[in-house]
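I have placed the structure first, in the form of structure tokens, so that the comments after it can refer back to it.
The values are calculated or read from the model by the stated rules, or taken from the named source; none is laboratory data. Remember, predicted model here, so these are calculated numbers, not experimental data. Backbone-built Cβ (ideal geometry, glycine too); neighbour counts: all protein chains shown. The area values use the complete protein model at the heavy-atom level, side chains included, leaving out ligands, DNA and RNA. Shrake-Rupley method; radii C 1.70, N 1.55, O 1.52, S 1.80 Å.
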Amino acid sequence: MNLQAPRGTTDLLPEQALAFNVLEQTALDVFSRYGYALIEVPTFEQLDVFVRGIGQSTDVIGKEMFFVYSMHAAEKLAAGETLKADERLALRPEATAGVARAVVEHNLVPPGAAPAKFWYAGSMFRHERPQKGRLREFHQIGAECIGAAEPTADAEVIIMLMRFFEAVGIPRQAMRLLVNSMGDEQCRPAYREKVREFIVAHSEQLCADCVRRAGTNPLRAFDCKNLSCQQVLVDAPKLRDELCDDCRQHYQQVKDYLTAAGLSFEEAPRLVRGLDYYTRTVFEVQVVNGLGSQNAIGGGGRYDRLIEEFGGKPTPGLGFAVGMERIQLALEANGCANRMQLSPQVFIVVVGAEQVSAAFDLALRLRDANIRCELDHQARSLKSQFKLANKLDAQLCVIIGPEELAQDEVKLRMMETGDEQTVASATLTETIRKILP
Ligand SMILES: [Zn+2]
Ligand SMILES: [Zn+2]
């Protein structure tokens, strides 16, 4: 029997693992400048964390969770017993809920304190039908700013996200930034009722899901993937026209800050998040090329009611999450994926088996001097050693032969030009350092 990676998972082979690592390094670099600190929350949590953070009526909770049972809990379940809350565990489908739980548990944002700003990176899990760009274990980078209600915080988060995308190599002109305001508890209920009435009035042109949503959460109809539904909903009432004065002013200031920062954006009146705790600003970044209908590479919004869901004091907040697989697809679709590998800078070639131990010593010395160095452990023919050096894309070869060894010298070959020079062993590290970029 051949064992395979589970459906919907993927091995990050070195090239992709390195590319993901570079995304995380870029996030660290960019987000640190905005005062965001790295946080790591568990890969699994009590199911209730996700139910509170994501909402019972969502597909994520209803259909896509991976549950985690200890053997003891599984036996209780099989015996028809009820599990205690801390035995009902699930793999995280996103990280915001875990961060919110941690913020409340550790009282990271006491009343009156400056906002706490976090970013994270890691695996998330959803039991979806696997398709291009959608995996059951996927990777996200995200950020959360908790404790700030001001429009500068919204603008800062959005600008930081766009700077991150540019820093990883997605050209600015290849992206579209969509923004909207979802209002708040003052103005949204009346709007929701208008959308419900609209759906009921157009129920014959909409899919069953949309019609069903009219009863529970009409705004989620805007997430419907059916083109025919989207076409009908173009004419639905727009929240932009129903915002209360506070929300309208907040939204205007966010847009003003984005404009002042030189970001172009489009207002997207049908961009909504279906959950009650989302308030005011929502945003999404799409790529223009390549990803088809699944063209979003990241998005987020303000969730001023979320922390209360976890039993905290009313604490405003907002955040975003970006899919690392999506970013890679976007980079490839736009022809700007970095085909990276950390090739050795120096490859050591030995003329005969007698020089192997000298080569081994030299390799250690170069590595201790922070130079990436490789040699052929199998000590095959000269020709195959050079072939391997080429395959690994080494920049320099150090050649050790009997005469060189006797003179305490080595030959240094530039792989690109084939130029060779003889260098005293004692000054080799220094010489290599001067040559390498
Ligand atoms: Zn629909
Ligand atoms: Zn409002």
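Yes or no: Ala149 under 29 Å from Glu308 (Cβ atoms), open to solvent by 30 Å² or more (accessible area, probe 1.4 Å) and touching a residue at least 60 places away in the same chain (Cβ under 8 Å)? Criteria met by Ala149. Taking the criterion of being at pLDDT below 95 and in contact with an Asp or Glu (Cβ under 9 Å, 6 or more places away or on another chain), the residues of segment 281-296 that qualify are Gly290, Ala296. For segment 129-158, a tally of residues being touching a His at 6+ places or on another chain (Cβ under 8 Å) and farther than 22 Å from Thr259 by Cβ returns 1. Residues in segment 250-271 that are open to solvent by less than 20 Å² (accessible area, probe 1.4 Å) and within 14 Å of ligand 2 (Cβ to nearest atom) were compared, and the one that is nearest to the chain's Cα centre (by Cα) is Val254.
Return the total of residues in segment 241-271 being touching a residue at least 40 places away in the same chain (Cβ under 8 Å) and over 22 Å from Glu156 (Cα atoms). Summing the residues that are touching a residue at least 40 places away in the same chain (Cβ under 8 Å) and over 22 Å from Glu156 (Cα atoms) in segment 241-271 gives 4. The residue that is farthest from the chain's Cα centre (by Cα), among those in segment 82-109 that are loosely packed, with under 11 Cβ neighbours inside 10 Å and assigned to a loop (DSSP other than H, G, I, E, B), is Thr82.
Per the conditions (1) under 29 Å from Ala330 (Cα atoms); (2) more than 16 Å from ligand 2 (Cβ to nearest atom); (3) among the small types (Gly, Ala, Ser); (4) out of contact with any Gly (no Cβ under 6 Å at 6 or more places or on another chain), the sole criterion not satisfied by Gly301 is (2). Any residue at all in segment 10-19 that's out of contact with any His (no Cβ under 7 Å at 6 or more places or on another chain), crowded, with 18+ Cβ neighbours inside 10 Å and not in a strand (DSSP E or B)? Scanning segment 10-19 turns up at least one residue that is out of contact with any His (no Cβ under 7 Å at 6 or more places or on another chain), crowded, with 18+ Cβ neighbours inside 10 Å and not in a strand (DSSP E or B).
The number of residues in segment 110-146 being buried (at least 20 other Cβ atoms within 10 Å of the Cβ), of a type in the set (Gly, Ala, Ser) and over 17 Å from the mean Cα position of the chain (by Cα) comes to 1. Looking at (1) away from ligand 1 (no atom under 12 Å from the Cβ); (2) more than 31 Å from the chain's Cα centre (by Cα); (3) over 24 Å from Tyr303 (Cβ atoms), which one does Arg212 not meet, given that it meets all the others? All conditions are met except number (1). Restricting the first member to segment 183-208 and to residues that are in the same structural domain as Tyr277 (by TED's automatic domain parsing) and among the aromatic types (Phe, Trp, Tyr), and the second to residues that are within 13 Å of ligand 1 (Cβ to nearest atom) and part of a helix (DSSP H, G or I), no beta-carbon pair is closer than 9 Å while six or more apart or on different chains.
Conditions (1) closer than 15 Å to Leu362 by Cα; (2) in contact with a Leu (Cβ under 9 Å, 6 or more places away or on another chain), marked per residue:
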| residue | (1), (2) |
| --- | --- |
| Ser384 | no, no |
| Asn390 | no, no |
| Leu396 | yes, yes |
| Ile399 | yes, yes |
| Leu405 | yes, no |
| Met414 | no, yes |
| Thr422 | no, yes |
| Glu430 | yes, no |
| Ile435 | no, yes |
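Evaluation of Leu239 against the conditions (1) away from ligand 2 (no atom under 16 Å from the Cβ); (2) more than 27 Å from Arg172 (Cα to Cα) shows that the sole unmet condition is (1).
In this structure, does Thr43 turn out to be assigned by TED's automatic domain parsing to the domain that holds Lys313, within 30 Å of Glu332 (Cβ to Cβ), touching a strand residue (DSSP E or B) at 6+ places or on another chain (Cβ under 9 Å) and crowded, with 18+ Cβ neighbours inside 10 Å? Criteria not met by Thr43. Residue count for segment 60-81, restricted to those that are under 23 Å from Gly301 (Cα atoms) and surrounded by fewer than 15 Cβ atoms within 10 Å (Cβ to Cβ): 1.
The lone criterion from (1) within 16 Å of ligand 2 (Cβ to nearest atom); (2) within 30 Å of Ala333 (Cβ to Cβ) left unmet by Cys187 is number (2).
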